[in-house]
Amino acid sequence: MNLFEARGLTVRSQDPGTNQTQRILQNFSFSVPENKTSILQGPSGFGKTTFAKTLAGLLPENIAVTEGTLLYRGEPILYKQLKKKRGAGVFYFPQEATVSLNPVKKIGKQLRDTPGRTRSKHDPADILEQMKFRDPRELMKAYPHQLSEGENRLCILTMAILAGPELLILDEPVTSLDDPTKKKFLELLEHYEFPTLLVITHSKEIFENRI
């Protein structure tokens, strides 16, 4: 069974100054089967991230779904309903972790505020300890700019673990990571067993054992 499906999806952006619109995703169809890993590949500018953010309910205000149908477990679902599924329903892992985190909130606060966290049995510090951070309690007192991009990606993965989503969307999750951090990231992904994954990647071979 498909957890999510898009049929003939078109997404447009609108220039707030001129009100002119531009297609950024056109007549796009894609299925995300439940309890499987799906790989979405394509050239830059194809609209992969736009589709991912549509499912996650994270489109900017000037971008909207204008045509097509979205389905959740075989039933039509509106974009505004997808917004309510953020976190525990759909968790989006961004390409750039550092700029995606709140720059004025400490990491610990952001982890504790993870949508859906109230349903998680995991403690943020325990997860960070499994990631072999030198001092998880101190790390939780840090701001994103005080950490490396790799460390911030692991913090966002911690948020995903805390949320326990139906669907985890990974947008180029290991691009630019050094080999030790990449290995750690993939091991944690396997350990916490996210049942349904949508992976946007140019490195399909890394995830082939999950397909």
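Points worth noting:
- Computed [θ] at 222 nm, deg cm²/dmol, the chain (DSSP H ≥ 4; -39,500 (n - 2.57); rounded to nearest 500): -8000 deg cm²/dmol
- The distance between label points at Lys132 and Gln26 comes to 4.8 nm (points 7 Å beyond Cα on the Cα→Cβ vector).
- Dipole check for the chain: with +1 at the C-beta of Lys and Arg, -1 at the C-beta of Asp and Glu, and the Cα centre as origin, the magnitude is about 600 Debye.
- In segment 114-159, taking the dipole from charged Cβ atoms about the Cα centre, the farthest positive-side position among Met159, Ala142, Gly116 is held by Gly116.
- Cβ-based charge dipole, segment 1-118, positive-most Cα from Phe46, Ala56, Gly74: Ala56
- FRET efficiency estimate (nearest 0.05) - Cβ-Cβ, Arg7 to Gln41, R0 22 angstrom: 0.65
- Net charge of Cβ neighbours under 15 Å - reference Ser176; Lys, Arg +1; Asp, Glu -1: -3
- Membrane-span-like helices of the chain, defined as complete DSSP H segments with a Cα extent of 15 Å or more along the helix axis and a mean Kyte hydropathy of at least -1.0, are identified as 149-163.
- Prolate is the label for the chain, because a/c, from the alpha-carbon gyration tensor with a ≥ b ≥ c as root eigenvalues, is 1.5 or above and a/b exceeds b/c.
- Centroid-to-centroid separation of segment 1-18 and segment 72-147 [C-alpha atoms, Å]: 25
- Three-way shape call for segment 110-211 based on the alpha-carbon gyration tensor, with the a/c threshold at 1.5: oblate
- DSSP-defined antiparallel bridges as percent of all bridges, the chain, nearest 5: 60
- Prolate/oblate/rounded call for segment 1-120, Cα gyration tensor, a/c under 1.5 rounded: oblate
- Annotation: extensible slack from Lys80 through Lys183 equals 33.4 nm (criterion: 0.36 nm per residue apart, minus Cα-Cα distance).
None of the figures in this text is laboratory data; all of them are computed from the coordinates on show. For clarity, every value in this text was computed on a predicted model and none was experimentally measured. Every residue, glycine among them, receives a Cβ derived from its backbone with ideal geometry; neighbour counts consider all protein chains shown.
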